[in-house]
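Structure below; questions to follow.
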Amino acid sequence: MTENRPLPYRLREPFLTTVELALFRLLVEIMGGRYAVLPKVALNDIFYIVRPNENVHFFNKIFRKHIDFLLCDQKSMKPRFGVEIVKPATKDSMRIADKFMEELFLDAGLPLIQIPSNDEYKATDIISLFQVAMTKVEATTPLRLNNKDSVPNCPKCGKMMVLRIQRNGTRANKIYYGCIDNPHCEGVVTIE
């Protein structure tokens, strides 16, 4: 920081647009005390990438992107619903970004409510969209990760592990999981 100069940041006002604020108020009213309504939650705070160093190209699909509202269980804060404000689709078409969001949430078994942008909303319309989203999730089998797709946590520090290749020694060219915090943590999980 230079002498007597403030940092070049300013408070973003308003935090929620008029459309987002109208929907936020209605969601809080509809949900009562059952769910916490969290605005603008980053997708990478909700989802993680399985085997991240093998699936790096999927990172950009969620990096710096957010869901308009995440509804979480009040006690556990476990995500229960995603709510996204979408531009009204043209006849028989959906935007690519909206399709991706729908697929992402559906694969995780988490209902996504896509609500067309409007200045005001009716509770009955929103509730029916919640019912449609629940029906979609119940009608599909969410992607269930098998043991070979899941990433272990480090046995030493508990952080996520990444796939690595042994460079030398008796296990040269063999893959294994190493702690993401290496070299500070030398946790290893071998793959047979």
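May I ask you to evaluate 6.51 cos²θ - 1.76 cosθ + 1.60, the Karplus curve with θ = phi - 60°, for each residue of the range 160-176 and list the ³J(HN,Hα) values in order in whole Hz, giving x for glycine and proline?
Using θ = phi - 60°, the values come out as 5, 10, 10, 6, 9, 10, 5, 7, 8, x, 5, 9, 4, 6, 8, 8, 7 Hz.
Let me ask you something else. Just going by the charge dipole of the chain, with Lys and Arg at +1 and Asp and Glu at -1 on Cβ, which of ALA139, VAL162, ILE30 is farthest out on the positive end?
My answer, from the dipole projection, is VAL162.
Tell me which residues come under 5 Å, amide H to amide H, from GLN74 once H is placed; ignore anything under 5 positions away on its chain.
ALA36
Under 20 Å from a label point 7 Å along Cα→Cβ of ILE175: give me every residue in the range 19-61 with its amide N that close.
The answer is 48-60, whose backbone nitrogens lie closer than 20 Å to the label point.
Between ALA139 and ILE191, what FRET efficiency comes out of the Förster formula 1/(1 + (r/R0)^6) with R0 = 25 Å and r the beta carbon distance, rounded to 0.05?
In this case the efficiency is close to 0.10.
Hey, can you grab everything whose amide H is under 5 Å from the amide H of GLY109? Only 5+ residues off in sequence or another chain; H modelled, so Pro and N-termini drop out.
Residues meeting the amide H criterion: LEU143.
Moving on. Could you tally up the Lys pairs in the range 18-139 with alpha carbons closer than 18 Å? Skip any pair fewer than 8 positions apart unless they're on separate chains.
11
Ok, one more. For the range 1-59 and the range 66-115, write down the distance between their C-alpha centroids in whole Å.
Measuring centre to centre over Cα atoms gives 14 Å.
Which lysines, on any chain, are close to LYS174 with Cα under 29 Å apart, when same-chain ones fewer than 8 places away are left out?
LYS148, LYS156, LYS159
Between LYS61 and ARG34, what FRET efficiency comes out of the Förster formula 1/(1 + (r/R0)^6) with R0 = 41 Å and r the beta carbon distance, rounded to 0.05?
0.85
Now a separate question. Expressed as a rounded percentage, what relative contact order does the chain have, with Cα pairs under 8 Å and six or more residues apart?
15
Read-outs: derived from the displayed coordinates by stated rules, not from any lab. Computed from a predicted structure; not experimentally measured. Quick reminder, even Gly has a Cβ in these numbers, built from the backbone with ideal geometry, and neighbours come from all protein chains shown.
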